[in-house]
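Asks: Dumping the structure here so I can ask a few things about it.
The values are calculated or read from the model by the stated rules, or taken from the named source; none is laboratory data. Please read all numbers here as calculations on a predicted model, not as lab measurements. When we count neighbours, we look across all protein chains shown, and the Cβ atoms used for this are built from the backbone with ideal geometry, even at glycine.
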Protein chains: 2
Amino acid sequence: MIKNRDIEFMRRAISLAKRAEGKTAPNPMVGALLVDKKQRIISEGYHRKAGSKHAEVIAIEKAGIRSKGATLYVSLEPCSSYGKTPPCVDKIIDAKIGRVVIATLDPNPKNHNKGVRILRREGIAVKVGVLKEEAEYLNRVFSKHIKNSIPYVSLKAALSLDGRIADSKGTSKWISSPDAREFVHKKIRSEVDAIMVGIGTILKDDPSLTLRDSKGKLIKDQPLRVVLDSDLKIPLESKILKSKKGAVLIFTSIKTKKKKKRAELKRRGVKIIDIAVYSCRGLDLKRVLKALYREGVFHLLVEGGSSVLSSFLERGLADYAYFFISNMVLGGDYLMYNGREFRLNRCPKMIRKDCRCFDNSIMVSGDIVNV
Amino acid sequence: MIKNRDIEFMRRAISLAKRAEGKTAPNPMVGALLVDKKQRIISEGYHRKAGSKHAEVIAIEKAGIRSKGATLYVSLEPCSSYGKTPPCVDKIIDAKIGRVVIATLDPNPKNHNKGVRILRREGIAVKVGVLKEEAEYLNRVFSKHIKNSIPYVSLKAALSLDGRIADSKGTSKWISSPDAREFVHKKIRSEVDAIMVGIGTILKDDPSLTLRDSKGKLIKDQPLRVVLDSDLKIPLESKILKSKKGAVLIFTSIKTKKKKKRAELKRRGVKIIDIAVYSCRGLDLKRVLKALYREGVFHLLVEGGSSVLSSFLERGLADYAYFFISNMVLGGDYLMYNGREFRLNRCPKMIRKDCRCFDNSIMVSGDIVNV
């Protein structure tokens with residue numbers, strides 16, 4: 001009976017955490033609630049953004065003296081060290097919380113299980129692992145950053161029914177229905193720190209890669225715009241260089257000289273990072289990801305084109321993908337995936353998380369696993 | 001006010017008609033109801049299968065003397081000639097029906113508007129065109145047969161996320177989740193008269209193309225199994241030739257001799273039809289469709305492989321398509337569509353009618369239009 005209530009309250013904590021989806025980096029999302037002995041919710045809180053109060057603290061402060069003896073449900077292990085705010089474990093001990101239920105431990109090896117140990121040492125009953133998988137999945141971007149030291153990578157591609165991303169002339173402006181475009185801006189681009197395209201996409205489509213609100217106005221916090229351009233072919237008149245909102249980062253080959261162009265790009269505020277080439281398939285994406293991690297990128301959205309998407313899939317570097325499958329049959333050579341062949345029993349697979357119908361397309365999205 | 005009730009009652013008539021979906025060939029689906037002056041439904045009926053009573057007749061007989069002065073709603077123009085049953089217009093006149101509301105006229109040029117004229121000549125008020133589009137769409141298979149003298153063509157294909165229908169070794173058994181397989185058998189194959197594959201599919205997958213119930217048992221009425229085999233390469237030990245349920249029809253090139261094999265196939269009850277070759281792309285599909293029409297096929301399901309599906313799409317001969325998009329990325333040369341390239345503004349497009357999620361795939365289906 002009590003067990004079931006634990007799950008129920010933790011589900012609430014996770015749903016509180018989700019309110020700040022895509023807004024807490026470099027911190028994780030956390031939700032918390034206090035429940036009294038009669039199983040009534042006393043107070044709730046969630047972490048809104050880096051620098052603001054932690055979820056547990058909000059809940060405890062709201063509850064005041066009613067915190068004493070109450071049970072705290074929190075979706076992530078409370079912090080035990082000084083960051084921008086004092087450690088939450090101190091707050092929990094001071095408030096005389098009776099019991100703490102935690103969904104998952106801090107993925108950071110430095111803090112892993114530390115908060116739990118401190119609380120137990122103080123004689124507080126601690127239960128760990130209620131809705132563990134959900135809580136871990138919630139903070140997968142944060143965890144990957146900490147554990148793997150590379151950004152979490154999402155792919156986004158618009159395909160025809162037959163797997164092409166452009167027609168015979170390279171035209172690809174087909175996600176034209178306002179509902180799909182709005183979804184891309186509001187739900188996909190707005191939750192990432194950086195958007196990446198290959199130089200082919202810049203030359204063919206000349207996108208500005210900026211984020212607009214529903215009225216078409218540029219929003220304040222723009223993601224970093226990243227271009228893979230091994231030969232530094234980017235035209236100086238590209239839209240991406242003209243649009244002043246949002247920084248631009250170009251990855252090029254260490255072998256590429258073009259001193260004058262490098263200087264001109266730098267003069268315009270563009271950052272250039274030299275990367276080793278990975279066989280014939282272009283820049284070494286693992287090194288690119290490591291460099292992006294050092295730039296503070298938690299969540300990278302790769303928008304194309306074909307060879308960039310193919311390289312991420314082929315090398316097993318994609319964590320998630322959004323595929324917008326349009327209503328057309330196109331034929332031709334502009335395939336979304338043109339990398340090496342896989343066998344059915346060992347290929348990149350999507351574990352579907354969402355499926356949506358738009359006017360002229362359906363979107364299917366999910367985790368990408370290589371099994 | 002009365003107008004709105006007309007729509008409401010006609011919607012009911014169409015939904016009655018749909019109860020016999022896929023079961024009325026060579027007849028259309030028809031639903032009918034009788035409504036009294038107080039707008040109450042007196043009786044309902046629908047056409048169950050060829051040879052059984054027409055929808056109007058069932059409704060009138062159920063109503064008995066209450067038919068007098070009532071309004072008849074019928075989704076298709078009542079027949080005016082002797083077929084397997086006497087003309088419905090006579091029954092309507094005899095029953096002294098007061099008013100007749102019809103969704104759409106008979107698509108057969110011989111009967112088009114004839115029933116309406118007879119009823120009006122008898123002084124019965126007739127209104128035509130209520131929910132016309134819905135009623136026409138309902139009987140699109142029947143109408144195409146009558147108007148174009150070729151079967152209605154549906155395609156079915158299982159694709160990877162990147163538009164492949166098999167992996168590098170040609171393996172394609174991936175719609176393996178029982179829910180998707182059951183849908184194919186119960187909802188797609190069971191509503192067609194014939195299933196077609198190319199010889200490549202026979203050689204690679206060796207399917208039996210039979211229809212099974214949910215317990216895996218072969219059902220009684222099997223669709224005609226059609227193979228496009230221009231060189232008569234079909235192995236005599238193919239499953240399709242071994243399974244006794246369901247007739248087999250092979251289309252081959254008029255140029256193919258292979259007298260001995262022809263004789264052996266005929267001895268086993270296989271029908272062989274010689275067809276002219278259409279350029280380098282194999283047999284002339286228009287002639288194939290005309291021959292299938294003469295064989296009494298109303299609804300053809302084309303199941304693959306790549307070159308057959310491509311030819312139907314390329315030549316604009318597909319009316320409908322079911323695409324099962326799996327969760328895999330495969331790469332390689334086994335593309336679902338490898339025909340000529342189209343431009344975005346002029347290509348085969350799907351007008352989506354349905355989208356369903358299965359365990360490992362999503363299905364999107366709809367009308368195929370070439371615009």
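Asks: Of everything in the stretch A:357-371 that's facing chain B (nearest Cβ under 7 Å) and out of contact with any Phe, Trp or Tyr (no Cβ under 6 Å at 6 or more places or on another chain), which residue is surrounded by the fewest Cβ atoms within 10 Å (Cβ to Cβ)?
Replies: So, considering only residues that are facing chain B (nearest Cβ under 7 Å) and out of contact with any Phe, Trp or Tyr (no Cβ under 6 Å at 6 or more places or on another chain), the one surrounded by the fewest Cβ atoms within 10 Å (Cβ to Cβ) is A:357.
Asks: Condition first: among the hydroxyl-bearing types (Ser, Thr, Tyr) and closer than 22 Å to residue A:24 by Cβ. Now tell me which residues in the stretch A:150-200 satisfy that.
Replies: At the first step, the residues of the stretch A:150-200 found to be among the hydroxyl-bearing types (Ser, Thr, Tyr) are A:152, A:154, A:160, A:168, A:171-172, A:176-177, A:190.
Once the filter is applied, which keeps residues that are among the hydroxyl-bearing types (Ser, Thr, Tyr) and closer than 22 Å to residue A:24 by Cβ, the stretch A:150-200 yields A:152, A:154, A:190.
Asks: So, of the residues in the stretch A:270-300 that are outside any helix (DSSP H, G or I) and of a type in the set (Val, Ile, Thr), which turns out to be surrounded by the most Cβ atoms within 10 Å (Cβ to Cβ)?
Replies: Checked the stretch A:270-300; the qualifying residue surrounded by the most Cβ atoms within 10 Å (Cβ to Cβ) is A:297.
Asks: How about the stretch A:354-371: which of its residues are farther than 15 Å from residue B:161 by Cα and not in a loop (DSSP other than H, G, I, E, B)?
Replies: A:356, A:357
Asks: If you don't mind, another one. Can you tell me which of (1) farther than 20 Å from residue A:134 by Cα; (2) in contact with a Ser or Thr (Cβ under 9 Å, 6 or more places away or on another chain); (3) in contact (Cβ under 8 Å) with a residue 12 or more places away in the chain is the one residue A:14 doesn't meet?
Replies: Checking residue A:14 against (1) farther than 20 Å from residue A:134 by Cα; (2) in contact with a Ser or Thr (Cβ under 9 Å, 6 or more places away or on another chain); (3) in contact (Cβ under 8 Å) with a residue 12 or more places away in the chain, the one that fails is (1).
Asks: Checking the conditions here, which among A:172, A:160, A:149, A:154 is under 22 Å from residue A:319 (Cβ atoms), of a type in the set (Ser, Thr, Tyr) and either crowded, with 17+ Cβ neighbours inside 10 Å or in contact with an Asp or Glu (Cβ under 6 Å, 6 or more places away or on another chain) (or both)?
Replies: A:154
Asks: Got a number for residues in the stretch B:123-146 being within 17 Å of residue B:23 (Cβ to Cβ), crowded, with 19+ Cβ neighbours inside 10 Å and in contact with a Phe, Trp or Tyr (Cβ under 8 Å, 6 or more places away or on another chain)?
Replies: Total meeting the criteria: 3.
Asks: While we're here: State whether one or more residues within the stretch A:251-263 are at pLDDT 95 or above, in contact with a Leu (Cβ under 7 Å, 6 or more places away or on another chain) and among the hydrophobic types (A, V, I, L, M, F, W, C).
Replies: Yes: one or more hits.
Asks: Could you tell me which of the residues A:337, A:293 is within 24 Å of residue A:144 (Cα to Cα) and modelled with pLDDT of 95 or more? Write out each step before concluding.
Replies: Details: A:337 fails: within 24 Å of residue A:144 (Cα to Cα).
Only one candidate qualifies: A:293.
Asks: Another one. Could you check, for the stretch A:301-320, whether at least one of its residues is outside any loop (DSSP other than H, G, I, E, B), over 30 Å from residue B:349 (Cα atoms), more than 9 Å from chain B (Cβ to nearest Cβ) and not aromatic (Phe, Trp, Tyr)?
Replies: Looking through the stretch A:301-320, none of the residues is outside any loop (DSSP other than H, G, I, E, B), over 30 Å from residue B:349 (Cα atoms), more than 9 Å from chain B (Cβ to nearest Cβ) and not aromatic (Phe, Trp, Tyr).
Asks: I'm trying to understand the selection: among the residues of the stretch A:219-242, which are within 21 Å of the chain's Cα centre (by Cα) and without any contact (Cβ under 8 Å) to a residue 40 or more places away in the chain?
Replies: A:219, A:220, A:221, A:222, A:225, A:227
Asks: Please work out which residue is farthest from residue A:349 (Cα to Cα), limiting yourself to the stretch B:149-159 and to residues that are touching a strand residue (DSSP E or B) at 6+ places or on another chain (Cβ under 9 Å) and not hydrophobic (A, V, I, L, M, F, W, C).
Replies: Across the stretch B:149-159, the extreme among qualifying residues is B:151.
Asks: For the stretch B:207-223: of the residues being small (Gly, Ala, Ser) and more than 15 Å from residue B:188 (Cβ to Cβ), which is surrounded by the most Cβ atoms within 10 Å (Cβ to Cβ)?
Replies: Per the stated criteria, the residue is B:208.
Asks: Can you find a residue that is part of a strand (DSSP E or B) and either modelled with pLDDT under 95 or within 17 Å of residue A:226 (Cβ to Cβ) (or both) anywhere in the stretch A:124-147?
Replies: No: the stretch A:124-147 contains no residue that is part of a strand (DSSP E or B) and either modelled with pLDDT under 95 or within 17 Å of residue A:226 (Cβ to Cβ) (or both).
Asks: For the subset of the stretch B:81-101 comprising residues that are out of contact with any helix residue (DSSP H, G or I) (no Cβ under 8 Å at 6 or more places or on another chain) and closer than 22 Å to residue B:5 by Cα, which member is surrounded by the fewest Cβ atoms within 10 Å (Cβ to Cβ)?
Replies: Of everything passing the filter in the stretch B:81-101, B:98 is surrounded by the fewest Cβ atoms within 10 Å (Cβ to Cβ).
Asks: Select from the stretch B:321-356 the residues that are among the acidic types (Asp, Glu) and more than 7 Å from every other protein chain (Cβ to nearest Cβ) and list them in ascending order.
Replies: Of everything in the stretch B:321-356, those that are among the acidic types (Asp, Glu) and more than 7 Å from every other protein chain (Cβ to nearest Cβ) turn out to be B:333, B:354.
Asks: Of all residues in the stretch B:21-40, how many are farther than 17 Å from residue B:102 by Cα and in contact with a Gly (Cβ under 9 Å, 6 or more places away or on another chain)?
Replies: 4
Asks: I'd like to verify a number: residues in the stretch B:45-80 that are exposed (fewer than 14 other Cβ atoms within 10 Å of the Cβ) and touching a residue at least 12 places away in the same chain (Cβ under 8 Å), how many?
Replies: Adding up the residues that qualify gives 5.
Asks: Identify, by number, the condition in (1) in contact (Cβ under 8 Å) with a residue 60 or more places away in the chain; (2) touching a helix residue (DSSP H, G or I) at 6+ places or on another chain (Cβ under 9 Å); (3) of a type in the set (D, E, K, R) that residue B:140 doesn't meet.
Replies: (2)
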